[in-house]
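What follows is calculated from the coordinates using simple rules that are stated; it is not laboratory data. Everything quoted here is computed from the prediction, not taken from an experiment. FYI the Cβ positions are ideal-geometry reconstructions off the backbone, even for glycines, and counts take in every protein chain you see.
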Amino acid sequence: MDSDRTQILSRIRSAGVVGAGGAGFPTYKKLDASVEHIIANGAECEPLMYKDREVMIQEQERMLAGLSIMKQITGADRVTIAIKRKNSDLMKSLQPAAAKLGFATHVMEDVYPAGDEYILVYDITGRRIPPGGIPLQVGVVVDNVETIVNIARSAEGVPVTEKYITVTGAVREAVTVVVPVGTSFRDCIDLAGGLTVKNPVVFTGGLMMGGMETDLSLPVTKTTGGLIALPPDHPLVERKGAPKPQYTRIGHSTCDQCSLCTELCPRYILGYPIEPHKVMRSLMMTGAERDRISLWAAYCCECNICTLFACPEKLDPKNICVDAKGRLREQRISRSTEELDQLFREVHSAREGRQIPIAMLYQRLGVKPYDRKAHFSRASLSPGSVTIPLRASIGTAATAAVKEGTVVRKGDCIGFVPDDKLGCPVHASIDGTVKAIDERGIHISSQ
């Protein structure tokens, strides 16, 4: 059994399987453990996103096969598939198929951020992950549904060369498509009929937690969940694009300590020692006192509820918390175990009433005009070129195993990570010739 387990984990690593939901943690490492419970994360709480829904429709058989592999590796007794109520229509086919394998299903409410693994684990198991901890510490493994499909593919000898993504926002048709890893944003947007605005800003992965880009030549990676195009003058672009000196200066002069950012923080109402309003207070302090107050940022999950929903002054507690966390890491400042035990409270009695409905979030973000289903499109894409990033996951970046002029086939390993390092190899996503290798990755042309 141990040799079979080792072999399966080796195949998952060799196939380059990493967290497809955005985190990018190497899956072989996450599954190298014994747990009681596996949770398939199909909650997909980011506004406008339909990628996980379509994965569960198009890849149901493989998802269930992947869960069976995970159960075998980890020895888990229970498996639960979590989906949002907005996708409860999937239960008609999913629930009977899952039940045949002894898997349970769990419907999450349409709130944000229901897909946060701290929330998922608590709502499904009743267990709370320790502050700053991981699900493994409470006997649970959580993986995105697309990651689980890729686990099944690895058992078939198929490496990760494709990515499900939702393309939506200011495009002619909102779609969910499968594209080769390394495809440019521009080529993906063409699959959605092209843009409806000039000079768009593209949110990668989600409006709340995703990044913003204006360079449409950038490639889709193994962790890209979606591309959401918005006009350059959209209020959300202005809010998320504010530079550090600006949001720091305004926060210092304007915050009136109303504490709404804390009262609506999903981690705070789950009992964790995170209080954004106190971190805002640190802007008016220096030295040791500032560091002490900054500790209230340590367990921020960066969901952006505080900034984009809670704050009545339109300040930026989330980025103030991110900056504080960076400062704490640099100075190696943290709370003691004893202090954490005292600060880790019971779940707030008003938690259910303080969860943020997705419909209300759409209104607050100003994206209701873009609220349309991004159904799966089978439109085939054969890009003339792709760029495969060598840093495809958390851990060590891959080293190129090819050189300029090398002819490659789809699925060939073109970048490797030594066995004793955390990381995964990368593979060619199209047939072609290596044209260049630079800081962006390995450029392959099909011409």
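For the pair the range 146-221 and the range 9-57, the centres of their Cα atoms are 17 angstrom apart.
All Cα-Cα separations within the range 136-201 were binned at 5 Å from zero, giving a P(r) of 4, 15, 19, 16, 14, 12, 10, 6, 3, 1, each value a whole percent of the pairs.
Where does the chain land on the Kirkwood hydrodynamic radius, alpha-carbon pairs, in angstrom? Show your work: numbers first, answer last.
Details: mean 1/r = 0.0438 Å⁻¹.
This gives a value of 22.8 Å.
Taking the alpha carbon gyration tensor of the range 1-84, what are the square roots of 5 times its eigenvalues, largest first, to the nearest whole Å?
Details: eigenvalues 111, 41, 27 Å².
For the range 1-84, the ellipsoid semi-axes come out as 24, 14, 12 Å.
Compute the distance from the alpha-carbon center of the range 62-97 to that of the range 306-373, in whole Å. The distance from the Cα centre of the range 62-97 to that of the range 306-373 comes to 29 Å. Around the Cα centre of the chain, unit charges on the Cβ atoms of Lys, Arg, Asp and Glu (plus for the first two, minus for the last two) sum to a dipole of about 300 debye. For Ala20, the residues whose amide H sits under 5 Å from its own are Asn144, Thr147, ignoring neighbours fewer than 5 places away on the same chain, with H placed 1.01 Å from N.
Across Ile134, Ile83, Ile148, mean-square fluctuation computed from a Gaussian network of the chain (C-alpha pairs under 10 Å connected) peaks at Ile134. The calculated FRET efficiency for the pair Ser445 and Ala99, based on their C-beta separation and a Förster distance of 35 Å, comes to about 0.15.
The packing ranking, built from the mean of other Cβ atoms within 10 Å per residue, places the peptides 297-304, 347-354 in the order 297-304, 347-354, highest first.
I want the antiparallel fraction of DSSP beta bridges within the chain, as a percent rounded to 5.
On the way: 33 of 55 bridges.
So the antiparallel bridges amount to about 60 percent of the total.
For the chain, the longest principal axis of the alpha carbon atoms and the long axis of helix 317-331 meet at an angle near 80°. Largest mean-square fluctuation among Ala359, Ala288, Ala15, in a Gaussian network model of the chain whose springs join Cα atoms under 10 Å apart, belongs to Ala288. Taken over the range 240-365, the convex hull of the Cα atoms encloses 105 Å³ per residue. Rounded to the nearest 10 degrees, the inclination of helix 2-14 to the longest alpha-carbon principal axis of the chain is 90 degrees. Taking only the alpha carbons of the range 384-447, we obtain Rg and Dmax values of 11.1, 37 Å in that order. Taking amide H as placed 1.01 Å from N in the peptide plane, Val201 has its amide H under 5 Å from the amide H of Leu230, each at least 5 places away in sequence or on another chain. Taking label positions 7 Å along the Cα-Cβ direction at both Ile394 and Ala359, the computed distance is 3.6 nm, reported to one decimal. Rounded to the nearest 10 degrees, the inclination of helix 145-155 to the longest alpha-carbon principal axis of the chain is 30 degrees. Could you tell me whether the range 310-407 comes out rounded, prolate or oblate from its Cα gyration tensor? Rule is a ≥ b ≥ c as square roots of the eigenvalues, rounded for a/c under 1.5, then prolate if a/b exceeds b/c, otherwise oblate. The shape class here is oblate.
For Ile81, the amide hydrogen comes within under 5 Å of the amide hydrogens of Ala40, Ala104, Thr105, His106, counting only partners 5 or more places away or on other chains and with H modelled in the peptide plane. On full extension, the segment bounded by Val197 and Asp291 gains 29.4 nm, given 0.36 nm per residue less the C-alpha separation.
By per-residue mean of other Cβ atoms within 10 Å, what is the highest-first order of 338-345, 419-426? It would help to have the intermediate numbers written out before the result.
Numbers: 338-345: 12.9, 419-426: 18.6.
Going by the mean number of other Cβ atoms within 10 Å, highest first, we get 419-426, 338-345.
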